[in-house]
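Contents: one structure, followed by commentary.
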Amino acid sequence: MANKRILIVDDDPDVRQAMHIRLKANSYDTFFASDALSSVTEARKQHPDLIILDLGLPGEDGYVVMERLQCHPALAAIPIIVVSARDARGNQDRVIAAGAQVYLQKPVINAELLAIIRQTLGEPEQPGDAGVTGNWKLLAG
Amino acid sequence: MSKPLQVLLVEDNAGDARLLHEMFRKEKAGSFALTHLLRMTEAVAHLEKGGVDILLLDMGLPDGHGLDTVRRAQAAAPNVPVIVLTGLNDEALAAQAMREGAQDYLIKGQIESRALPRALRHAIERHRMQQEAELIRVNQLQFKDKFLSHVSHELRSPLNAIYQFVTILFDNIGGELTPEQHDYLGIVLRNVKQLQAMIDDLLEVTRVQGGQLAIELQCTSVAEVIAFAVSTLQGAAQAKEIALTMDLGGQLPLVCADPMRVRQILIILLDNAIKFTPPGGSVRIRASAHAQDPNTLVLEIMDSGCGIDPAMTERIFDRLFQASDPALAGRQGLGLGLYICKELVARQGGRIWASGTPGKGAVLSFTLPLFSMRNLLVAALGDIANTPTPVTLVVAEMGSQTGWLSDEARGEHSHGMRELLQRCLHADQDVLLPTMGPSGRAELFFIVAATNLAGGESLARRIQRQFDNRDPALRVGLVLSTSIHSLMAAQHGVNPSDRVSFEAVAEAIHAMVNKELSSRMVVNG
């Protein structure tokens, strides 16, 4: 089975690289964008299975990206995990309303991110996932 | 030549006033300009217009009494220095007036005409110096907060990159490590985590001190929050072979608290307990109804560690406090954890304290108010019950789908406020509340936000912030309508999807402030 493909949007190259290494080790293919414009272009070109999106981008922010993606019928259905250093309060609701599945606050724990990626992509759970996503659900609720 | 000093004399006794008039007349022309008023109400109106340099205030006016006159004058014109005029036997009252902020007092009948101008100029100069010192103090505090907040934010990104790559190496993703290398990286990782925790504490403290700590009181299940905190720290406890257990004592009542903040408190307290308990010991968390106060729930964290010196039970909640015992202290953080706990508990209407005997373990306890309409509203209402004037209540319902307001209420009054709220959202300035109520202003603005519609809550929060900045005298409360729904559901069997009447909340507020609401204004945003 082909690897699932994930678009990573973050303006910090170190964050992109670390996430790439981590995701590749878990059999995901990744590609990148570092601002709002290029992330929509990449999404159109690559049609990823999932987008991991930072809110704080140079110029237009992650909300603009979500708004643009919602305008493309083909892209609107791609699940989005927002990973941001911004305060969860005030952003969590807004992010979900803007079309994202999950809001995760940086610094993100790797086990948590991977468990949520698997859950979002409808992949089978791995040992330890239930604890992480269970906690996450409590947080989100 | 400098402009004459504008002196406002408020004195109803004709004889006393005449004496002062004459003293001012003896001064060099153009050095003082005296305005004389007889009543406090006139004085307040005059002060609000501005232009007064100093106020000479009699403390026995027909429409003002004692210290109250000083307070009213200062409320009307905080920047005008006040000298109170008292009788021979009122020196104690005069001293109290000075504690309230009056610059000086003059005893009627004993005022020397040569000393009067000096007293006025001294009062003005002293007041100016006080204000300058206060301004410098506030600026320095703000700078310190901004500086700390900025630095901690900026430290986070590189530290996060370090954390990510260290974990990549640690998890052998970058290639197999020798056992030695793995151990060394473990030490790096532990220190990175410690640094992250310190920076988080620092950020949290700057939020606490800057008043930016968001607390959202809502219907909260303590049992769920405890279970979450315990599962978060179970790993740390197991690593030290400490038994971490919870005792929830059957069915616990719901509390009126912020679940995220309670979780934060519990994690700090449990983390501390584990840190101060030797391997093989135990940490227990218990929640139960408060024995004395039926209105609160008490949570206790008990450990089998070294205990707390009875002399230290208060001090441990101070900022930057650290245990002095070198055997236990090691490197343990910034000493901010318990301070943060104290602030978080206080802002949720609870109390925190420590007990236990040295050598026999420590108990840290805190209370949370039970979930009731009263407790839900009390934070938003503040001390409004103690204000002498009637209360004008404005309720704005933001982005609601649930129809919290009746249709009639929606139709009524809503136009002006809607416009106002919109301006408040889109413009950053020049938003004033409309004139309402007998005192000519709104005393209480109450926002009800529904979270079920996108953005309702953040919208309401933004309005709350804007009003808070603009008019500190106005109390702005925010309650999530989901909370009110769950309360109604619990107490009156109302189905959460049913409409809940605005009147129910108005009545609850009315009962609490125990006075007539002078007017009620309702709007849906």
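Is it the case that segment B:182-205 has a residue that's surrounded by fewer than 18 Cβ atoms within 10 Å (Cβ to Cβ), assigned to a loop (DSSP other than H, G, I, E, B) and of a type in the set (A, V, I, L, M, F, W, C)? Looking through segment B:182-205, none of the residues is surrounded by fewer than 18 Cβ atoms within 10 Å (Cβ to Cβ), assigned to a loop (DSSP other than H, G, I, E, B) and of a type in the set (A, V, I, L, M, F, W, C). Among the conditions (1) more than 16 Å from B:Asn13 (Cβ to Cβ); (2) within 35 Å of the chain's Cα centre (by Cα); (3) part of a loop (DSSP other than H, G, I, E, B), B:Asp63 misses just one, which is (1). If the condition is being assigned to a strand (DSSP E or B) and over 21 Å from B:Arg99 (Cα atoms), then segment B:19-60 contributes B:Phe32, B:Ala33, B:Leu34, B:Thr35, B:His36, B:Leu37.
Within segment A:68-89, the set of residues being assigned to a helix (DSSP H, G or I) and surrounded by 15 or more Cβ atoms within 10 Å (Cβ to Cβ) comprises A:Arg68, A:Leu69, A:Leu75, A:Ala88, A:Arg89. Among the conditions (1) touching a residue at least 40 places away in the same chain (Cβ under 8 Å); (2) of a type outside the set (D, E, K, R); (3) closer than 21 Å to B:Arg18 by Cα, B:Ile124 misses just one, which is (3). Within segment A:97-125, the residues that satisfy the criterion of being within 14 Å of chain B (Cβ to nearest Cβ) and either assigned to a loop (DSSP other than H, G, I, E, B) or not aliphatic (A, V, I, L, M) (or both) are A:Ala98, A:Gly99, A:Ala100, A:Tyr103, A:Gln105, A:Lys106, A:Pro107, A:Val108, A:Ile109, A:Asn110, A:Glu112.
Filtering segment B:237-249 for residues that are outside any strand (DSSP E or B), surrounded by fewer than 17 Cβ atoms within 10 Å (Cβ to Cβ) and within 14 Å of chain A (Cβ to nearest Cβ) leaves a non-empty set.
A count restricted to segment B:1-22 and to residues that are out of contact with any strand residue (DSSP E or B) (no Cβ under 8 Å at 6 or more places or on another chain) and farther than 14 Å from B:Ile54 by Cβ stands at 7. Taking the criterion of being more than 11 Å from chain A (Cβ to nearest Cβ) and in contact with an Asp or Glu (Cβ under 7 Å, 6 or more places away or on another chain), the residues of segment B:153-208 that qualify are B:Thr206, B:Val208.
Residue count for segment A:23-49 under the criterion of being among the aliphatic types (A, V, I, L, M), within 15 Å of the chain's Cα centre (by Cα) and more than 18 Å from A:Pro79 (Cβ to Cβ): the result is 1.
Of everything in segment A:9-25, what is more than 9 Å from chain B (Cβ to nearest Cβ) and either of a type in the set (A, V, I, L, M) or not in a helix (DSSP H, G or I) (or both)? Give them in sequence order.
Once the filter is applied, which keeps residues that are more than 9 Å from chain B (Cβ to nearest Cβ) and either of a type in the set (A, V, I, L, M) or not in a helix (DSSP H, G or I) (or both), segment A:9-25 yields A:Val9, A:Asp10, A:Asp11, A:Leu23.
Rule-based calculations on the coordinates, nothing more; no lab input. Keep in mind it's a predicted model, so treat the numbers as computed, not measured. As a convention, Cβ positions derive from the backbone with ideal geometry for all residues, glycine included, and neighbour counts pool all protein chains shown.
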